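Data first, discussion second: the structure below is written as structure tokens.
The values are calculated or read from the model by the stated rules, or taken from the named source; none is laboratory data. Note that this is a predicted model, so its numbers are computed, not measured. Every residue, glycine among them, receives a Cβ derived from its backbone with ideal geometry; neighbour counts consider all protein chains shown. Only protein heavy atoms, including side chains, enter the accessible area calculation; ligands, DNA and RNA are left aside. Shrake-Rupley method; radii C 1.70, N 1.55, O 1.52, S 1.80 Å.
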Amino acid sequence: MQPFELPPFYLPWPARLNSNLEQARVHSKAWSYEMGILGTDPAEGPIVWTEADLDAHDYALLCSYTHPECPAEELELITDWYVWVFYFDDHFLEVFKRTRDREGGKAYLDRLPMFMPVDLSAPPEPGNPIERGLIDLWFRTCPNKSVEWRRRFFSNTKFLLDESTWELNNISSERVANPIEYIEMRRKVGGAPWSANLVEHAVFAEVPDRIAASRPMRVLRDTFADGVHLRNDLFSYEREIGEEGELANMVLVLQRFLGIGPQEAADLTNDILTSRLYQFENTFFTELEPLFDEHGLDPQERESVMRYAKGLQDWQSGGHEWHMRSSRYMNKGSNDTQDRMLLGGPTGLGTAAARLGMTPRSSGLRSRSFTHRPYKVVGPTKLPDFYLPYPLRVNPHLEQSRRHVMEWARSVGMLSPDPGIPGPSLWDERKLAGFDFPLCAAALNPDVSLEELNISSCWLTFGTYGDDYMPVAFGNRRDLNGAKVYVNRLKLFMPLDGEAAPVALNASERGLADIWRRTTAGMPELSQRRFRKAVVDMAESWLWEIANHIENRIPDPVDYIEMRRATFGSDMTMALAELTVGDEVPPEIFKTRPMVNLAHSAQDYACFTNDVFSYQKEIEFEGELHNLVLVVEQFLDCSKDQAVGVVADLMKVRMKQFENIIATELDPLYDEFRLNANVRARLGGYVEHLQLWMSGIMNWHINCLRYRESFLRRSPTNGGVLRALAGLGTSAARFGGRDLPAPQAPAARPAFVPPRAPVSPVWLKEADVSA
């Protein structure tokens, strides 16, 4: 019996079949023999496929469904790529995963990039069918593409190959990934971003390089990838888990994380898949046109992007149809085949809405995203037990920094009325004292000088003020264009190459000009550019929040988590922390999987900390939509307390992942880079910074007044988000400033209770401190 019934899928686009199917079948079989994929020479390894296996898998059918319009020669090329990539997956399983040969697998993978020369230079002599096939495919694919496309295709192909070691390591240690880690890593090892590159090739269109890395294009690619991979996980669960001993499958991941059965996990996996397709549609209809205008795309470039997006749609619908027909997968018991869809309703142009495959479950998921009632009274949040194994240290210059921040905020105008905001000033001294950003900075930077601590505290203050200013000045008026002008002007106050900044018009601009100058004095230009980009990314993420408020749309869970790192400013924090390790540390080490996953785990822990503490402030007092507790409530259709429990569990598994990376992955990484003792010590300081970052942010949330209900009622905000950014070129931190009331009964207090740093500046009354 099947382990679960396949859920009803959301199918917004009908599948179509390429008329060149039979020609592709004949060609791909002949090519497989030519490369040695079929009729393998015993000297080159085990026989992984027989001709009967290839016929049953029918990759020509897959490509004919996923690329229904490309001509015969192009379909042959695309089909050969998919024969190669599926053979690689099965070959790696047979030779390295089953035998758990990590060293052999790494040596095997390390050779493959040599057969993908971006400059089209001559590769070495191949030694097996994988290498032989890769050379053939690379030189049939790349000569007529731009060097920018080749670089993107090389990168995604290398990810697909290299990250097989991640799956192998998890199998060897019998470790199942957590849901956030799985989504991120599945994109790399699953190959859908690689498929998206081939879509560009198949539709004879390239995404213009100047927008390829933009948020809308990234979201189209990532939602496509997640849709492809989650669909595959549902169909492949029986084979992967029951027969192959795989652990990389979202159904299994959710079973382990939530403690639920296969059917519940499969239904929830399908909900995530549906939500990602909704996100694809939302991005297509709301973000592409403004992107085109912003970058001045000409009509031909716009048409290329639209053809690419249509190609991604074709791949989704065609991939589903192939899964329903291939012997490779569990596909009994579903009534979602295209034949049955066509028999059950109208066809032809303009009738797609009649075949959307909407179910009560999927339609409810969509409607809940747009029907949230803001300012709902939710009351205090009972804090869960937080798992946090790292101790707290506090900078001895805390009190001096508190005084400096108050004087600095007053001098740049943050405590005075602003012409862009009606009514009194956005902040006053009482609010700023209660926010107590130096308390956070002092725990994030326990060993720095007073001047460095002051700059870090000022970054926190600047970021919070700007993030508070945005919704009040622009969000309440639904003025997205005005917000874009505000963000674009901020860039002018971080000059490079001796550029002169314009005259500042408001407190944000005056404050940024000052701390940029103080932070970057003596900083190399390349480091300044990295730092500046991180600050700009944070400011631009505020525009995403305003756009969601205009739509009254609670974000998709995956999109929320990934954007939360930007709105939280943690990408900037990591950029600054990386800069402090010194020139001896090779910068490319921070782009490796262990270091990226280490940083993301720490970022998510801090972001989710803020969302738990800030829930009442944001939902009840500010009408916010961007809070993970709310996102989980909406997505799972559960209670607030249940959602808080899920978020706390996510925090715990991210912390466990952080610990696991330190224990098992960093030393092998350092060995791979042949790092000396001094460089290892510097990277050890970076890791310690991340630990201090998490404990310092938790301490600040527990001890400041910002989340106390009594403080909120005496100091109402002007509406909107109050977050915080972090600091100096040593160890900045931006933690979302969102409010929660005081902890409730003693039993509800967090398991982590750090040594209590001085709670508030001396100018706060005792009544305020105890509130």
Inset, instruction - Output the residues belonging to the range 409-435 that are within 29 Å of residue 689 (Cβ to Cβ) and touching a Pro at 6+ places or on another chain (Cβ under 7 Å). - result: 433
Legend entry - Members of the range 70-95 that are in a loop (DSSP other than H, G, I, E, B) and more than 14 Å from residue 198 (Cβ to Cβ): 71
Legend entry - Pick from the range 124-154, criterion aromatic (Phe, Trp, Tyr) and free of Cβ contacts under 8 Å to residues at least 40 places away in the same chain, ranking: surrounded by the fewest Cβ atoms within 10 Å (Cβ to Cβ): 139
Inset, instruction - Just one of (1) over 25 Å from residue 329 (Cβ atoms); (2) out of contact with any Pro (no Cβ under 7 Å at 6 or more places or on another chain); (3) of a type outside the set (Lys, Arg); (4) at pLDDT 85 or above trips up residue 38, so point out which. - result: (1)
Inset, instruction - For residue 157, work out the one condition from (1) open to solvent by less than 40 Å² (accessible area, probe 1.4 Å); (2) in contact (Cβ under 8 Å) with a residue 12 or more places away in the chain; (3) closer than 18 Å to residue 108 by Cβ; (4) not in a helix (DSSP H, G or I) it doesn't fulfil. - result: (4)
Inset, instruction - May I ask you to verify whether residue 548 is over 22 Å from the mean Cα position of the chain (by Cα) and either of a type in the set (Val, Ile, Thr) or surrounded by 14 or more Cβ atoms within 10 Å (Cβ to Cβ) (or both)? - result: no
Inset, instruction - Take the residues in the range 281-298 that are without any contact (Cβ under 8 Å) to a residue 12 or more places away in the chain and of a type outside the set (A, V, I, L, M, F, W, C), then tell me which one is most open to solvent (accessible area, probe 1.4 Å). - result: 294
Inset, instruction - Being touching a residue at least 40 places away in the same chain (Cβ under 8 Å), in a helix (DSSP H, G or I) and either of a type in the set (Val, Ile, Thr) or crowded, with 24+ Cβ neighbours inside 10 Å (or both) narrows it down to one of 253, 207, so name that one. - result: 253
Legend entry - Identity of the residue in the range 160-191, of a type in the set (Gly, Ala, Ser) and part of a helix (DSSP H, G or I), that ends up modelled with the lowest pLDDT: 164
Inset, instruction - Output the residues belonging to the range 160-189 that are buried (at least 16 other Cβ atoms within 10 Å of the Cβ) and among the hydroxyl-bearing types (Ser, Thr, Tyr). - result: 164, 165, 182
Legend entry - Every pair of residues 6+ apart whose Cβ atoms lie under 8 Å, when the first sits in the range 364-380 and is assigned to a helix (DSSP H, G or I) while the second is open to solvent by 50 Å² or more (accessible area, probe 1.4 Å): 364/637; 368/637; 370/551
Legend entry - Pairs with Cβ under 9 Å, 6+ apart, first in the range 659-685 and aliphatic (A, V, I, L, M) and assigned to a helix (DSSP H, G or I), second open to solvent by 70 Å² or more (accessible area, probe 1.4 Å) and at pLDDT below 95: 679/584
Legend entry - Selection within the range 368-396 - open to solvent by less than 60 Å² (accessible area, probe 1.4 Å) and under 14 Å from residue 554 (Cα atoms): 369, 372, 374
Inset, instruction - Would you check if there is a residue in the range 596-606 being open to solvent by less than 20 Å² (accessible area, probe 1.4 Å) and free of Cβ contacts under 8 Å to residues at least 24 places away in the same chain? - result: no
Inset, instruction - Consider only pairs whose beta carbons are under 6 Å apart and that are at least six residues apart or on different chains; among these, list those whose first residue lies in the range 479-500 and is among the charged types (D, E, K, R) and whose second residue is open to solvent by less than 70 Å² (accessible area, probe 1.4 Å). - result: 491/536
Inset, instruction - Scan the range 452-475 and give yes if some residue there is without any contact (Cβ under 8 Å) to a residue 60 or more places away in the chain and either surrounded by fewer than 23 Cβ atoms within 10 Å (Cβ to Cβ) or of a type in the set (Asp, Glu) (or both), otherwise no. - result: no
Legend entry - Conditions (1) open to solvent by 20 Å² or more (accessible area, probe 1.4 Å); (2) of a type in the set (Gly, Ala, Ser); (3) within 26 Å of residue 246 (Cα to Cα); number of the one not met by residue 121: (3)
